[in-house]
Amino acid sequence: MFRRAILSVALIALAGPIASLIAAPEKQVIFVGAATNLVHVLSKLHGEFQKLNPGFEVRTTTAASGSLFAQIQHGAPYDVFLSADTDYPRQLVAAGLGEASTVRTFARGRLVAWTTRPGIDPGDFGSWVRDQAIRKVALAQPRTAPYGRAAQAALEAAGVWMAVQPKIVLGENIAQAAQFVETGHAEVGLVALSLVLVRPTASPGRWIEIPPAQFAGVSLDHAAVLTVQGTRHPGGRLYLDFLTSAAAQRILHQAGYGPPAK
């Protein structure tokens, strides 16, 4: 009788963990490499995706688009690449590391001139050169960051690129460039709107959007592509389909992105 009681207690103790394992199968992980400007919207996007697809978990690494491209070239195990342009995904396909049929535009980035300093006109590029109060101008590294290339093109179109060179401080990515402005290490910068809108509403500073015509030749259409590894992942295409869904587009719009190119 006593032995039967002990056995019953042991079986009851084991039942909980066993039932838990049965009720909660291991989720399949989708590894995403995403451009840094997306850093503040990814948690909402992935939360919504995982709510709609509870069998999957999304894990993300953020960096400049060009840096992510280089990482994939060197074997980084991403299933999905989210770039701040369309060029890097196409280059990935050309290198045999991405699937051509999966390249799709999911958002349009918006470039803004931003300052947190009173008395500075963020849209007057000429003053960036003349004004002694403007000692540093923050941009992302044009070699690896599409927003940096767009910023350089805008300054070139305004005829001040060479004159403003002594004041330019380059961020490794667009988030670092925005951080330079936020922390006061730069008085003004050309950054992604998505990184400005996350600031507290009590102290957003001043920003002016730069029309795409002012950086003609540089596209900020954000594109996604499945890597070769990602084409074998059952969640890869689900994730791409989600990015262009109404739910994802609503989240991206609220975060400061324009609609994807048609």
*asked:* Taking the condition of being in contact with a Leu (Cβ under 7 Å, 6 or more places away or on another chain) and of a type in the set (A, V, I, L, M), how many residues in region 87-126 meet it?
replied: 4
*What do you reckon, is A153 hydrophobic (A, V, I, L, M, F, W, C) and part of a helix (DSSP H, G or I)?*
yes
_From the list R59, R90, exactly one residue is charged (D, E, K, R), in contact with a strand residue (DSSP E or B) (Cβ under 9 Å, 6 or more places away or on another chain) and under 22 Å from P234 (Cα atoms). Which is it?_
R59
*Elements of type helices (runs of 4 or more DSSP H) in region 169-262, at least 1 residues being closer than 28 Å to Q91 by Cβ and assigned by TED's automatic domain parsing to the domain that holds Y88*: 228-231, 236-243, 246-254
*What is the residue count in region 213-251 for residues that are out of contact with any Ser or Thr (no Cβ under 8 Å at 6 or more places or on another chain), surrounded by 14 or more Cβ atoms within 10 Å (Cβ to Cβ) and under 16 Å from L111 (Cβ atoms)?*
4
_Leading residue by the ranking (farthest from the chain's Cα centre (by Cα)) among those in region 183-212 that are closer than 19 Å to G119 by Cα, surrounded by 20 or more Cβ atoms within 10 Å (Cβ to Cβ) and of a type outside the set (V, I, T)_ = E187
*Filter result (of a type in the set (A, V, I, L, M), more than 21 Å from G47 (Cβ to Cβ) and free of Cβ contacts under 8 Å to residues at least 12 places away in the same chain) within region 210-262*: A213
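The values are calculated or read from the model by the stated rules, or taken from the named source; none is laboratory data. Given the structure is predicted, the values throughout are model-derived calculations rather than measurements. Glycine also receives a Cβ, built like all others from the backbone with ideal geometry; neighbour counts cover every protein chain displayed.
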